[in-house]
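J.: Structure incoming, see below.
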Amino acid sequence: MILDKVNNPKDLNHLTIKEKKILATEIREFLVEKVSANGGHLASNLGVVELTIALLSSFDFDEDKVIFDVGHQSYVYKILTGRKKEFDRLRKYKGLRGFPYRKESKYDFFETGHSSTSISAALGMARARDIKKETYNVISVIGDGSISNGMSLEAINDLGYNKTKMIIILNDNGMSISNNVGGISSYLSRISINEKYLKVKNKVKHCLDDTKVGNVSFKILSRIKDGIRTFLVPSQYFEAMGLTYIGPIDGHDISLMTKVFRRAKNINNPIIIHVVTKKGYGYQPAILNPDIYHAVPPFDPKKGVVKDKKETYSSFFGKAMVKLASQNEKLVAITAAMKDGVGLLEFFQKYPNRSFDVGIAEEHAVTFASGLASGGLIPVLAIYSTFLQRGFDQIIHDVCMQKLHVIFAIDRAGIVGNDGETHQGIFDLSYLSLIPNLVIISPKTIKELYKILNWAIKQDFPIAIRYPRGTDELSLKPIQKLSLGKWEIVQKGEKIAIIATGKMVQKAIMAKDKYKLNVMIINAIFIKPLDKKLLKWLADNHYDIITIEDNLINGGLASLIEIELNKNNYMQTIKAIGFEDKFIEQGSQEELYLQENITIQRIKKEIDILNKNRRTS
């Protein structure tokens, strides 16, 4: 196999174009084999195989630098930069990362995991290069979904105005996770599917060889091509922004891309190279269902991905939204390019006029929701915890300051797992709890989510509902009645109260049942406001307190309870179980709970310590 002979980027220099095409096929087979065994991002990586080969054939990344936007499409790059032997541990605990990771390789220059950061970071690198009078190339590889984000447009505005030398490779596959939406996506589609333009371009491209005649021809034909494009393409968006635009070119033609990339190195202006690829290319199931094969669990490559039929928080949320929408015509749903992931697919199908996919634009999504609320509707923004971080200012200024009735359905709160640091939802309690006017609530079990959502729709203030990835470990009865700021005593006990929030209530119950513990278990269904009346009762009756949360301890439930008790001069002993002040790496949820010591054994140990202290005091 040719793949066995490629152990670093320089090995590509010894391969012919024919051999590189064979290599591309072998890489796709390797990807399907390894991702089907471990899970991971498949369709996006299948789509960039030739693009990555051409990239590594054209640049020297011992000197040049590349940043993959989002980073989930960097598997091929990892394979060709000496890490293919580590793919048996892809996304596993202590294994190969699913995103670029600077400590993993000298070829990973910047860590990405959230969309639309690459152009800003690459521009910073390019300016640093210029100040230090160095000469390496800086490349950003970004998708057509990511480039529509406001951060990308801000960076392009800066780049084009100041004319810094760097290269943007726009990987246009018409997809982010779900189908792309919006004006920029439509604009790119018009360019990439214009048949007249593509026919002329395809006749021209074979003239672009590396001979002297070819170079002269390239300059002449480029001018002709520019004129054709001006005539046939609706607008010159990127060139109006100050970038030299090249494309669209075939993202599965290694020879053409290599020639274009090599010539682009010699242009001193900022350049955007528009490359058209197909997500899932080379594996028919992924071509037919690129959204399903965007991020996959382990699967049989012959049978394909079979969707898990177990009820998850996300799927239950989607069903609840459909049911509640039939009862309330003011209810509308918003997603930021994640309608399938957050469970809104059926809602979008049944209520298309009340469904809004704003694309990868979380900040816009939040303020857009506030506009809908001010217009008398009840918007529910369904979004992953890690991505809501991007709309922090908008939550403060545009929603909570005006006390608008926006509901944030925060999916993937707590430990997410194998996607690692960039995707763990362990910060939302900390950054949301400090915002005035915002109520934060969390279900202890899947079915409780319906009661919470139904209650939230009937209120008139901002509400954040946070819930985890996956399924329940225990089948618990939902709370009977919701009252603002009132907690639920799930099980009674003496002298020690476990105050847990969300799915952590299940861990508390499992600990009590296994070790026969005589402790009170409280479902802190409201994280904000706290149940001050119950806290006072616990203090007056000299209960010690253990808190459990799937969030950083700093600024989370434990911090809020401590502040409240100190404010009233209560001297309770409080033991906080949660995540320490650090980022949490990749691994399965249970591996990470074990690593971070959030276990039923830890709960038992803390109770033993409290009981021992009581006996000796």
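The values are calculated or read from the model by the stated rules, or taken from the named source; none is laboratory data. On a predicted model such as this, the values are computed, not experimentally measured, just so you know. Backbone-built Cβ (ideal geometry, glycine too); neighbour counts: all protein chains shown. For the accessible areas, the whole protein counts, side chains as well, though only heavy atoms, and no ligand, DNA or RNA atoms are used. Shrake-Rupley method; radii C 1.70, N 1.55, O 1.52, S 1.80 Å.
J.: For the condition within 17 Å of Tyr543 (Cα to Cα) and among the charged types (D, E, K, R), what is the one hit in Glu562, Glu585, Glu590, Glu580?
T.: Working: Glu585 fails: within 17 Å of Tyr543 (Cα to Cα); Glu590 fails: within 17 Å of Tyr543 (Cα to Cα); Glu580 fails: within 17 Å of Tyr543 (Cα to Cα).
After ruling out the rest, the residue left standing is Glu562.
Each row is one residue, and each column tells you yes or no for (1) farther than 30 Å from Gly39 by Cα; (2) open to solvent by 10 Å² or more (accessible area, probe 1.4 Å); (3) within 23 Å of the chain's Cα centre (by Cα).
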{"residue": "Val406", "(1), (2), (3)": "yes, no, yes"}
{"residue": "Ala409", "(1), (2), (3)": "no, no, yes"}
{"residue": "Gly417", "(1), (2), (3)": "no, no, yes"}
{"residue": "Leu429", "(1), (2), (3)": "no, no, yes"}
{"residue": "Leu434", "(1), (2), (3)": "yes, yes, no"}
{"residue": "Lys444", "(1), (2), (3)": "no, no, no"}
{"residue": "Lys451", "(1), (2), (3)": "yes, yes, no"}
{"residue": "Arg466", "(1), (2), (3)": "no, no, yes"}
{"residue": "Thr471", "(1), (2), (3)": "no, yes, yes"}
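J.: In segment 388-397, what residues are hydrophobic (A, V, I, L, M, F, W, C) and open to solvent by less than 30 Å² (accessible area, probe 1.4 Å)? It would help to see each step written out before you state the result.
T.: Of all residues in segment 388-397, those hydrophobic (A, V, I, L, M, F, W, C) come to 388, 392, 395-396.
Answer for segment 388-397, where residues must be hydrophobic (A, V, I, L, M, F, W, C) and open to solvent by less than 30 Å² (accessible area, probe 1.4 Å): Leu388, Ile395.
J.: Within segment 357-371, can one find any residue that is open to solvent by 20 Å² or more (accessible area, probe 1.4 Å), at negative phi, in contact with a Lys or Arg (Cβ under 6 Å, 6 or more places away or on another chain) and not acidic (Asp, Glu)?
T.: No: zero hits.
J.: Can you confirm whether Gly124 is open to solvent by less than 50 Å² (accessible area, probe 1.4 Å), under 27 Å from Thr386 (Cα atoms), of a type in the set (Gly, Ala, Ser) and in contact (Cβ under 8 Å) with a residue 24 or more places away in the chain? Full working, then the answer.
T.: Numbers: open to solvent by less than 50 Å² (accessible area, probe 1.4 Å): yes; under 27 Å from Thr386 (Cα atoms): yes; of a type in the set (Gly, Ala, Ser): yes; in contact (Cβ under 8 Å) with a residue 24 or more places away in the chain: no.
No; evaluated as a whole, the condition is false for this residue.
J.: With respect to the numbered conditions (1) aliphatic (A, V, I, L, M); (2) farther than 19 Å from Gly425 by Cβ; (3) modelled with pLDDT of 95 or more, which one is the sole condition not fulfilled by Leu474?
T.: Just one mismatch for Leu474, condition (3).
J.: Follow-up. Going by the conditions given, is Lys458 farther than 30 Å from Asn611 by Cα and under 33 Å from the mean Cα position of the chain (by Cα)? Steps first, please.
T.: Values: farther than 30 Å from Asn611 by Cα: yes; under 33 Å from the mean Cα position of the chain (by Cα): yes.
Taking the combined requirement at face value, the residue satisfies it.
J.: Looking at segment 129-143, which of its residues are of a type in the set (Ser, Thr, Tyr) and exposed (fewer than 13 other Cβ atoms within 10 Å of the Cβ)?
T.: As a first pass, look at segment 129-143 and keep what is of a type in the set (Ser, Thr, Tyr): 135-136, 140.
Once the filter is applied, which keeps residues that are of a type in the set (Ser, Thr, Tyr) and exposed (fewer than 13 other Cβ atoms within 10 Å of the Cβ), segment 129-143 yields only Thr135.
J.: Is it true that some residue in segment 501-516 is in contact (Cβ under 8 Å) with a residue 24 or more places away in the chain, open to solvent by less than 10 Å² (accessible area, probe 1.4 Å), assigned to a loop (DSSP other than H, G, I, E, B) and polar (S, T, N, Q)?
T.: Yes, segment 501-516 contains at least one residue that is in contact (Cβ under 8 Å) with a residue 24 or more places away in the chain, open to solvent by less than 10 Å² (accessible area, probe 1.4 Å), assigned to a loop (DSSP other than H, G, I, E, B) and polar (S, T, N, Q).
J.: Follow-up question, since we're still on this one. Is it the case that Asn38 is over 16 Å from Asp253 (Cα atoms), polar (S, T, N, Q) and open to solvent by 30 Å² or more (accessible area, probe 1.4 Å)?
T.: Details: over 16 Å from Asp253 (Cα atoms): yes; polar (S, T, N, Q): yes; open to solvent by 30 Å² or more (accessible area, probe 1.4 Å): no.
Criteria not met by Asn38.
J.: While we're here: Can you tell me which residues in segment 97-121 are among the small types (Gly, Ala, Ser), free of Cβ contacts under 8 Å to residues at least 60 places away in the same chain and closer than 17 Å to His72 by Cβ? Please lay out each step first, then the result.
T.: Narrowing segment 97-121 to residues among the small types (Gly, Ala, Ser): 98, 105, 113, 115-116, 118, 120-121.
With free of Cβ contacts under 8 Å to residues at least 60 places away in the same chain added as a condition, the list becomes 105, 118, 120-121.
Residues satisfying the conditions are Ser105, Ser118, Ala121.
J.: Scan Ile561, Ile577, Ile609 and give me the residue that is out of contact with any His (no Cβ under 7 Å at 6 or more places or on another chain), in a strand (DSSP E or B) and closer than 18 Å to Ile521 by Cα. Step through it out loud before you land on a result.
T.: On the way: Ile561 fails: in a strand (DSSP E or B); Ile609 fails: in a strand (DSSP E or B).
Exactly one of Ile561, Ile577, Ile609 is out of contact with any His (no Cβ under 7 Å at 6 or more places or on another chain), in a strand (DSSP E or B) and closer than 18 Å to Ile521 by Cα, namely Ile577.
J.: Would a scan of segment 300-320 turn up a residue that is open to solvent by 60 Å² or more (accessible area, probe 1.4 Å), at pLDDT 95 or above and touching an Asp or Glu at 6+ places or on another chain (Cβ under 8 Å)? Let's see the steps before the verdict.
T.: To start, the set of residues in segment 300-320 that are open to solvent by 60 Å² or more (accessible area, probe 1.4 Å) comprises 300, 302-303, 306-311, 319.
Now narrow it down to the ones that are at pLDDT 95 or above: 319.
Narrowing further to those that are touching an Asp or Glu at 6+ places or on another chain (Cβ under 8 Å): 319.
Yes, segment 300-320 contains a residue that is open to solvent by 60 Å² or more (accessible area, probe 1.4 Å), at pLDDT 95 or above and touching an Asp or Glu at 6+ places or on another chain (Cβ under 8 Å).
J.: Give just the number: which of (1) under 22 Å from Lys605 (Cβ atoms); (2) aliphatic (A, V, I, L, M); (3) in a helix (DSSP H, G or I) does Ile548 not satisfy?
T.: With (1) under 22 Å from Lys605 (Cβ atoms); (2) aliphatic (A, V, I, L, M); (3) in a helix (DSSP H, G or I) applied to Ile548, the lone miss is (3).
J.: What are the residues in segment 2-43 that are assigned to a helix (DSSP H, G or I), out of contact with any strand residue (DSSP E or B) (no Cβ under 8 Å at 6 or more places or on another chain) and of a type in the set (Ser, Thr, Tyr), if any?
T.: Scanning segment 2-43 gives a single hit, Thr25.
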